[in-house]
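Scroll down for the structure; my scribbles are underneath it.
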């Protein structure tokens, strides 16, 4: 149980286009989802915290107009990278907050590799 | 005060040996300390976690040691196997509510035959 999926797993796009990444909790409801970015050989950097039905909370230095987050249901959060540029190329990972029997645990998705040409 | 410092950056251990990774934190409000394992191109997966009310937790070959006064915790992998070769991240958060995790910088572990 407690599976989180991401779609797509890989995406290549041209500079200036927008890309949407979906994060789904498959067998549980997630009030809170988190979006991370990970550059090669580096740690996970939290971008934003997404709560169902409300605006996301962005970490300092993350442009909220560039990284649009929508958490419209308890099982789906989306991250849209608007007007993507090569420097946005990264590994994007989402996680969902714990289930009632595992309240502190975050369940991570498999990640999405974004390459902007 | 939000940092979690992790060492070493990389570690090579012989098969069957003990792998030890250390982390230190500053924020005394942290109350939950998980370790994650990440393989290349995959998302991190929870390995083991500890709360500060205990000094040690063991699950199979994996043990967390926790020193609250020193604000340090470590991961020990006993009988290390080639399949354990991965990047390991420590993390910390406040335990209650949907609190964000603060991650360490990661340790790339390589187990050699």
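For residue B:59 paired with residue A:57, estimate the spin-label separation in nm (one decimal), with each label point 7 Å from Cα along the Cα-to-Cβ line.
In this crude spin-label approximation the distance works out to 2.6 nm.
Please report A:35, B:35 as a ranked list, fewest other C-beta atoms within 10 angstrom at the top and most at the bottom.
Fewest to most other Cβ atoms nearby, the residues stand as B:35, A:35.
Any chance you could check the Cα centroid distance between the stretch B:14-69 and the stretch A:7-28 for me, in angstrom?
Each part's Cα centre sits 30 Å from the other's.
Given labels modelled 7 Å from the Cα in the Cβ direction, how far is it in nm from residue A:42 to residue B:110?
2.3 nm
Shape verdict for the stretch B:31-113, please, from the Cα gyration tensor: rounded (a/c under 1.5), prolate (a/b greater than b/c) or oblate.
Cα axes put the stretch B:31-113 in the oblate bin.
How well do other chains shield peptide A:105-114, expressed as the mean number of their Cβ atoms within 10 Å of each residue Cβ?
Partner-chain Cβ atoms within 10 Å, mean over residues of A:105-114: 4.
Exposure proxy check: A:5, A:43 ranked by fewest other beta carbons within 10 Å?
The most exposed by this proxy come first: A:5, A:43.
Given labels modelled 7 Å from the Cα in the Cβ direction, how far is it in nm from residue B:7 to residue B:51?
That separation, rounded to one decimal, is 3.1 nm.
Just want the ordering: A:77, A:83, B:19, from fewest to most Cβ atoms lying within 10 Å of their own Cβ.
The order, fewest Cβ neighbours first, is A:83, B:19, A:77.
Report relative contact order for chain B in percent, whole number only (criteria: Cα-Cα under 8 Å, sequence separation at least 6).
Dividing the mean separation by the residue count of chain B yields 37 percent.
Using a/c under 1.5 as the rounded threshold, could you call the stretch B:32-77 rounded, prolate or oblate? The axes a ≥ b ≥ c are square roots of the C-alpha gyration tensor eigenvalues, and prolate needs a/b larger than b/c, oblate otherwise.
Prolate, since a/c reaches 1.5 and a/b exceeds b/c.
Taking the highest mean first, how do the peptides B:76-87, B:22-33 order by number of other beta carbon atoms within 10 angstrom per residue?
The most tightly packed comes first, giving B:22-33, B:76-87.
With the alpha-carbon atoms as the only input, what is the per residue convex hull volume for the protein assembly as shown in Å³?
122 Å³
Please compute one quarter of the surface area of the Cα convex hull for chain A and express it in square nanometres.
Over every viewing direction, the Cα hull of chain A projects on average to 6.9 nm².
When you look at the Cβ of every residue in A:90-100, what mean number of other chain Cβ atoms sits within 10 Å?
Mean number of neighbouring Cβ atoms from other chains: 2.
At q = 0.18, 0.22, 0.25, 0.30 Å⁻¹, work out log10 I(q)/I(0) for the stretch B:1-46 with the Debye formula, treating every Cα as an identical point scatterer and leaving solvent out; two decimals please.
Log10 of I(q)/I(0), two decimals: -0.77, -1.02, -1.12, -1.17.
Across peptide B:100-111, what mean number of C-beta atoms from other chains lies inside 10 Å of a residue's C-beta?
Per-residue shielding by partner chains comes out at 3.
Kirkwood Rh and Cα-based Rg: tell me the resulting Rg over Rh for the stretch A:37-77, rounded to two decimals.
1.02
Every read-out reported here was derived from the displayed coordinates using simple, explicitly stated rules and does not represent laboratory data. Bear in mind the structure is a predicted one, so any value in this text is a computation, not a measurement. We place every Cβ from the backbone using ideal geometry, glycine too, and count neighbours over all the protein chains shown.
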